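K.L.:
Take a look at this one; I'll ask things after.
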Amino acid sequence: MNTEVSVLYFAKSAELTGLKAEIITVPSNISSVQLWQDLENRHPRLCVLRGQVVLAVRQEFVSLCEQPLSLRDGDELAIIPPLSGG
């Protein structure tokens, strides 16, 4: 079964995709790694963030791993790249 989720792009991820947000359709049971791969397929330039990015689903941080996520229609997924500071 598929579900629609809202993806929010921040900082470098917004720059790479040219988007601040979009709605995508993905399987409701998907691992965070599969979800990231789906996003890379949609926006190949995101690959430069692989291994550095943090995902947040329903405002909860999620590590990139094979553990399945249970997504529901309307869930919010945030793409948070590393932030540089000074």
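Values quoted throughout were computed directly from the atomic coordinates according to the rules given, and no laboratory measurement underlies them. Remember, it's a predicted structure, so these values are computed and weren't measured experimentally. Heads up, the Cβs are rebuilt from the backbone with ideal geometry, glycines too, and the neighbour counts pull from every protein chain shown.
K.L.:
Using only the alpha carbons, work out the radius of gyration and Dmax of the chain in angstrom.
P.N.:
Gyration radius and largest Cα-Cα distance of the chain: 12.0, 45 Å.
K.L.:
Would you work out which of Thr25, Gln67, Phe10 lies farthest towards the positive end of the dipole of the chain, given +1 charges on the beta-carbon of Lys and Arg and -1 on that of Asp and Glu, about the Cα centre?
P.N.:
Farthest along the dipole direction, towards plus: Phe10.
K.L.:
Check Ala21: other-chain or 5+ apart residues with amide H under 5 Å from its amide H, H built from backbone geometry?
P.N.:
Tyr9
K.L.:
Here is a follow-up. Expressed as an acute angle from 0 to 90° and rounded to the nearest 10, what is the orientation of the C-alpha long axis of helix 32-42 relative to the principal long axis of the chain?
P.N.:
70 degrees
K.L.:
What order, most packed first, do the peptides 42-48, 63-69, 8-14 have when packing is the mean number of other Cβ atoms within 10 Å of each residue? Each step should come with its number before you reach the end.
P.N.:
Details: 42-48: 14.7, 63-69: 12.3, 8-14: 18.3.
Final packing ranking: 8-14, 42-48, 63-69.
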